[in-house]
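Structure first, then comments.
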Amino acid sequence: MKNETSVMAILAAALGALCSYASALVVPLAVLIAVMLADYASGMAKAWSAGKLCSKTGLRGILKKLGYLFMVLFSLLLVFCLLRLMPVEGYFANYEKMTEAQIQAGLQSMGLLDPLPVQIGRFWVNMLHGDLGVSHIYKVNASVTSILAKKLPISIQMGVYAMLLSLVIGIPMGLFMGRFKSRWPDKVGTAIIVLIQAVPAAVYYLYIQMYGTTAMGVGLLFDAADWRYWVLPVCSMSLANLAFYAMWLRRYMVDESNKDYVRLARAKGVSENNIALRHIFRNAMVPLVQYIPSAFLNTVVGSIYIESLYSIPGMGGLLVTCVQRHDNTMVQGIVLLYACVGIIGLILGDLLMVLIDPRINFGKKEGGR
């Protein structure tokens, strides 16, 4: 009897730990949801614009996309159910001081004792009306949408500035590296990229803050009204994307420069600068632009380390904080936001590829990425 009790206690402890950390599965599931939804939406839009929805191939594609859609809905339901496995402490700010009767009354008023299908239906209806619930721990009785609305603007501004800086520097840098391969611009650019990627980001973030705050004459507490406080975090956030764009644009340009159409242009006497700018650069940008919207939107949702380093009241670290404090409603709303960010980024990436090269046809297997 004693052994059976010990086994039951161990199983109960293991189940409690699993429920406590179940929210760690939410982000990977949200990424999967984003990928599948983006594939569905972009494929349907392109098939419609190409007039292929009525063909046999188009109908087969529609059925395939609908299959992905059902998988997406199932994944969303799985995320919702995982959050329902979280401890009920996440719904009460003063859980330790409440009696069992008060806890049950609170759960009843929030509808958490209703059957799961009823909860799921209510969640979808409320979500369509812009109601993501209220926070019970992070900011008591404040709506999730109002909390996100206060934190998103500053992260959007920071993301826009960081993305513009990385594009303005990274794209010309990759262009010069590809144009002057194995010469001094290529060697200098390669050294910069290796330095950015080899040194841990936390290290140069810290050095930028240590020496940058002294040089700029700013404090450690972020002041959005003073432009000087924006310089260091924006530069820090842009470094990774800057190196990424320069490295891959250089690689794509080197690959394009060895193709037959470049040899033909040289045989016709077209200048090297004209070939690099009007032919090689344009074709090299096609596979690169699909990552730009996703990178921008990921920057918008915040950098955990940078925003905490400069005390920026943005989105960075919000999900981690809410998971640690077991605020289930906030976790649910933030994951939904991240899923939407992933979907929009992937769709915009496909649209940019088509705008740069109209020959791309996602409806054909050989015309994919």
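Only the coordinates and a few stated rules stand behind these numbers; no lab work does. What you see is a predicted model; the values in this text were computed from it and never measured. So basically every Cβ, Gly included, is an ideal-geometry build from the backbone, and we count neighbours across all protein chains shown.
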Point to revise | Longest to shortest principal axis, alpha-carbon extents of segment 209-254, angstrom | key: 44, 21, 11
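For segment 232-275, would you read off the P(r) tail past 13 Å as a percentage of all alpha carbon pairs? If you can, show how the numbers build up before the last one.
Details: 616 of 946 pairs.
Every Cα pair in segment 232-275 considered, those over 13 Å come to 65 percent.
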**Study point:** Förster-model FRET efficiency, 41 Å R0, residue 320 and residue 267, C-beta, rounded to 0.05
**Key:** 0.10
Exercise for review: Please sort 194-207, 258-271, 222-235 by packing, taking for each peptide the average over its residues of neighbouring beta carbons within 10 angstrom, highest first.
Suggested key: 222-235, 194-207, 258-271
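When all alpha-carbon pairs of segment 205-295 are counted, what percent fall beyond 22 Å? Please report the intermediate quantities before stating the final value.
Numbers: 2102 of 4095 pairs.
Of the Cα pairs, 51 percent sit more than 22 Å apart.
Calculate, for residue 160 and residue 105, the FRET efficiency according to 1/(1 + (r/R0)^6) with r their C-beta to C-beta distance and R0 56 Å; round to the nearest 0.05.
On the way: r = 46 Å, r/R0 = 0.82.
It comes to 0.75.
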